[in-house]
Amino acid sequence: MAGEKAGRRPRAETPKGFRDYFGADVTERKAMLDAIAAVYHRHGFDPLETSAVETVEALGKFLPDVDRPNEGVFAWQEEGDWLALRYDLTAPLARVAAQFRNDLPSPYRRYAMGPVWRNEKPGPGRFRQFYQCDADTVGSASVAADAEICAMLADALEEVGIPRGDYLVRVNNRKVLNGVLEVAGILDPSDPEKFAAERGIVLRAIDKLDRLGTEGVRALLGEGREDESGDFTKGAGLGGDQSGVIMGFMAANRVTAEATVPRLRDLVGQSVLGSEGVQELETIASLLAAQGYGPDRIVIDPSVVRGLGYYTGPVFEAELTFEIPDEKGRPRQFGSVAGGGRYDDLVKRFTGQSVPATGVSIGVDRLLAALRAKGRSAGDSAGPVVVTVMDRDRMADYMAMATELRGAGIRAEVYLGNPKNFGNQLKYADKRASPVAVIQGSSEAEKGTVILKDLILGAKIAAGASLEEWKQRPAQVEVPRAGLVAAVRQMLG
């Protein structure tokens, strides 16, 4: 009888839209998050970690990708309940604020960092799992809380290495936008659900202004838009006058808040909600100016709307303004790395009572990419000192060296591959980005010495550094075994 056909081997590849993070990625991310956490901590915020899995009911349906499976979340049914991976860190916070409302201080100020998952169409640089870094204040209706979040966001960007002049925090208010939508005839205060589909398309269109330009947005406000691949996106179906009102709102930005606010007041006309939003923007601008956060750091910008459906008031976005080359070598601005806003109705879903809240989320991978683009790595990616193995029988001696280095706070490891070919050991050290290789053969052991090979020097020369610049630095030195730690420290320095 013929044997059963062997099963197909699994493919060694990540699922589409996901990626793996290796040593330097993780190290740099941690260093950056530690720096941001220090800023949040100085402002009085406490850390919070929530479960990666929530009930679909608790998460709610606020993602813009309504045409995706499960409306943009990864969900499954278990014992009658639908569960899902969190798509952001804000919806879980609303659940925590409701669940522990009798135990938490009010206002409750927290920051959270971790991965989130969205079942959206992947593309270049667009992943289904990514890291976020949030800070939120729950329980304060004052726009001073919104102003504080904006100021803290500016401080965090500068703390990680984005200098003033390379970023702008842009601030708008959904109440102002709703006032404009009311003027345009697609928002009825007496019937919030009326024209909801049209408003959703309008919000997503405005949110894509930096990517599609004014003509692309205008097409989405009308019948729709066909992209370069031939895919057609249905538009909001607005008439010319209605589209003109929306386009005028997006063009309302002026150099200063003092000039922008009157223009917005004209656009919202007699809308009560819109006028309230304009007043809030004026107050935020005043509070920030009093703290020294001028238009070189934070500006009022009507084009900011944010895509999520739960925002109810001020919304903000951090944009990096320096240029990087695109895939065709053309210069373009780096773009947005953070966003957030006020969401006063999110906790109300659980309690039935209005609980004001505001917060911001930083796109960790985007910000890391920006730091790398500017040559400002967020962490030290150097590998460990590698203790090579010249004699298998003396492994205990080599491990003792590594232990001694670690005890002095120096990252170190012993080579654990086949030690027969010494060249392979040095190749391994190069691949590990090791700064120093420690070598001790039988002759050095008899003399009580070790050889330190300077791998930093080799890397510098390989990268094109001037030999004249480095000629005073020896490629390797022989030092007493008792002075191993001091000599390694000197070479690292």
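The values are calculated or read from the model by the stated rules, or taken from the named source; none is laboratory data. A quick note: this is a predicted structure, and the numbers were derived from the prediction, not measured. Note that we place each Cβ from the backbone using ideal geometry, even for glycine, and neighbour counts take in every protein chain shown. Note: accessible area is taken over every heavy atom of the protein model, side chains too, but ligands, DNA and RNA are not part of it. Shrake-Rupley method; radii C 1.70, N 1.55, O 1.52, S 1.80 Å.
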Of every Cα-Cα pair in segment 127-196, the percent that sits beyond 21 Å: 54
Report the accessible area of T55, computed with a 1.4 Å probe over the heavy atoms of all protein chains in place, in Å² rounded to the nearest 10. 50
Could you tell me, in Å, what Rg and Dmax come out for the Cα atoms of the chain? 28.2, 92
Enter the Cα centre distance for the pair segment 96-112 and segment 128-192, rounded to the nearest angstrom. 20
If you average the C-alpha positions of segment 286-326 and of segment 223-248 separately, how far apart do those two centres end up, in angstrom? 25
Based on the Cα atoms of segment 59-180, what semi-axes does the equivalent ellipsoid have, where each is the square root of 5 times one gyration tensor eigenvalue, given in whole Å with the largest first? 27, 22, 16
Considering only DSSP beta bridges whose two residues both sit in the chain, what percent are antiparallel, to the nearest 5? 85
At 1.4 Å probe size, with every protein chain present, just tell me what the per residue accessible area of the chain comes to in Å². 51
Violating pairs (Cα-Cα greater than 25 angstrom) within the set K194/K348; K121/K328; K61/K374; K420/K447: K61/K374
Most packed first (mean Cβ within 10 Å per residue), the peptides 204-215, 243-254 order as 243-254, 204-215
What's the percent breakdown of Cα-Cα distances in segment 194-272 across 5 Å bins, shortest bin first? 3, 14, 23, 22, 18, 11, 5, 3, 1
Semi-axes of segment 349-434's equivalent ellipsoid from the Cα gyration tensor, sqrt of 5 times each eigenvalue, largest first, rounded to whole Å? 47, 18, 12
Per the 1.4 Å probe, what fraction of the accessible area of the chain, in percent, lies on carbon and sulfur atoms? 50
Rank by packing, highest mean first: peptides 384-393, 228-237, 143-152, with packing defined as the count of other Cβ atoms within 10 Å averaged across residues. 143-152, 384-393, 228-237
Grab the eigenvalues of the alpha-carbon gyration tensor for segment 239-370, scale each by 5, take roots, and send me the semi-axes largest first in whole angstrom. 26, 21, 17
Roughly how much of F130 is accessible, in Å² to the nearest 10, using a 1.4 Å probe? 40
